[in-house]
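Step one of this worksheet: look at the structure below.
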Ligand SMILES: Cc1cc2nc3c(=O)[nH]c(=O)nc-3n(C[C@H](O)[C@H](O)[C@H](O)COP(=O)(O)OP(=O)(O)OC[C@H]3O[C@@H](n4cnc5c(N)ncnc54)[C@H](O)[C@@H]3O)c2cc1C
Ligand code: SF4
């Protein structure tokens, strides 16, 4: 087993140096260490103890839970705090009209943001790769869905995805292999909703889930009790930490509280080292043969731009001037209502089924595709807030909470913003 080496001053050397220990860093670390390379992972955030984080969530004030404070239960490193909702720390300072609505929720921890993701494991639709040639909008990708398809299969096997193997329930249907595990069974709410919307072409299908429906690589079977966001108490939901722990067992070294702040390049403009600061503020250097920046869609461009040097005045790897531009999120909105029949949402994963009838079609020439998720997070907190707002007390309050908890629906509608090139520092 080949290991990174360290000097007495704490500088490091490894075949591969990976910055960031999220799902991307974890997958790479495990793959490369398994091929015999020495691998060092530098992670800005803290190590998380799952049981402690679950306990932190249980003990959170009602306002935080009602406000989806999915970050607050994860202990924060002093030098690398995540963007927080409670209290808001404006960590990602976005400017422009409606900028305040762009609230980021990523984590800075060993294991990264997938600690609290919803674990929906969608593939792109084949049309997404050819939007310009097919619908005259956006850009075509330089690769096709068919080229990527075998890699989707590999990723689904690594993550352990449970999805529908009945083609009528798949989106997209173009697959060369079945899902590694069959779908998480529909709960009453999914079946009821499908019976209402499917006759109208909305096509409610099971969401492919990064959850185990049978024991998988040390993960237990999902028991469906709906705590996935902000944390799965039993680890049935896939998190990047699963690959980080596998990589460590295979010989990778993962340093927590190691904030990378500078990248060195040589005369050929190849990266030779990265510099990090440890929890005491001391600086160290990691040299390597190859480097991977896996800090996520916001932090990776930030580090590249921050590392500008004489040979790279606009930042590292930015000859195209595209670093930090064209970021797209799945903007969208929610729609909540009460139903006549009880739906009993809240049994099963936080997101279990989705309407995909308008994922693709000629209409994309004129307006965005959409994905409408039947949000399966238990409705009890929202029901309680609404009932309290009505000023009810005693038995009436209790009855209102019960009624709303089983009759209310929240649909989460995601849209597809296309990239717009804008100057980074508009004058
Ligand atoms: C609430 C929520 C729900 C989501 N649900 C889904 C979903 O259902 N399906 C889906 O496909 N996607 C979902 N996403 C998106 C998904 O979680 C991210 O795309 C994914 O986690 C990105 O993985 P990553 O490894 O690139 O980055 P991350 O998981 O964010 O990991 C990056 C790591 O790099 C570290 N880092 C950053 N800068 C430095 C530095 N300078 N030095 C050292 N370390 C550094 C960070 O601390 C972090 O731990 C969700 C995101 C959120 C916030
Ligand atoms: S429903 Fe969510 S929280 Fe519960 S076991 Fe399954 S994945 Fe974990």
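The values are calculated or read from the model by the stated rules, or taken from the named source; none is laboratory data. Please read all numbers here as calculations on a predicted model, not as lab measurements. Cβ sites come from the backbone with ideal geometry, for glycine too, and all protein chains shown count toward neighbours.
Worth pointing out:
- Output for the range 256-285, where each listed residue is touching a helix residue (DSSP H, G or I) at 6+ places or on another chain (Cβ under 9 Å) and in a loop (DSSP other than H, G, I, E, B): none
- Any chance residue 314 is without any contact (Cβ under 8 Å) to a residue 24 or more places away in the chain and surrounded by fewer than 16 Cβ atoms within 10 Å (Cβ to Cβ): yes
- None of 82, 63 is modelled with pLDDT under 95, surrounded by 21 or more Cβ atoms within 10 Å (Cβ to Cβ) and at negative phi except 82.
- Some residue of the range 233-245 being touching a strand residue (DSSP E or B) at 6+ places or on another chain (Cβ under 6 Å), part of a strand (DSSP E or B), at pLDDT 95 or above and crowded, with 18+ Cβ neighbours inside 10 Å: yes
- Test for residue 226: is it assigned to a loop (DSSP other than H, G, I, E, B) and either surrounded by 14 or more Cβ atoms within 10 Å (Cβ to Cβ) or in contact with a strand residue (DSSP E or B) (Cβ under 8 Å, 6 or more places away or on another chain) (or both): yes
- Condition broken by residue 345, with the remaining ones in (1) in a loop (DSSP other than H, G, I, E, B); (2) away from ligand 2 (no atom under 16 Å from the Cβ); (3) in contact (Cβ under 8 Å) with a residue 24 or more places away in the chain satisfied: (2)
- Among residues of the range 112-136 being out of contact with any helix residue (DSSP H, G or I) (no Cβ under 9 Å at 6 or more places or on another chain) and part of a helix (DSSP H, G or I), the one that is modelled with the lowest pLDDT is 132.
- Residues that are away from ligand 1 (no atom under 15 Å from the Cβ), farther than 21 Å from residue 74 by Cα and in contact (Cβ under 8 Å) with a residue 40 or more places away in the chain within the range 220-245 comprise just one, 224.
- Looking across the range 135-163, the residues that are closer than 30 Å to residue 366 by Cβ and out of contact with any strand residue (DSSP E or B) (no Cβ under 9 Å at 6 or more places or on another chain) come down to 135, 136, 137, 138, 139, 142, 143, 146, 147, 148, 149, 152.
- Condition met for residue 296 (touching a strand residue (DSSP E or B) at 6+ places or on another chain (Cβ under 9 Å) and farther than 30 Å from residue 191 by Cβ): no
- Number of positions in the range 353-381 that are crowded, with 18+ Cβ neighbours inside 10 Å, over 15 Å from residue 203 (Cβ atoms) and in contact (Cβ under 8 Å) with a residue 40 or more places away in the chain: 4
- Here the range 313-336 is the region considered, the condition is being away from ligand 1 (no atom under 16 Å from the Cβ) and touching a helix residue (DSSP H, G or I) at 6+ places or on another chain (Cβ under 9 Å), and the residue that is modelled with the lowest pLDDT is 325.
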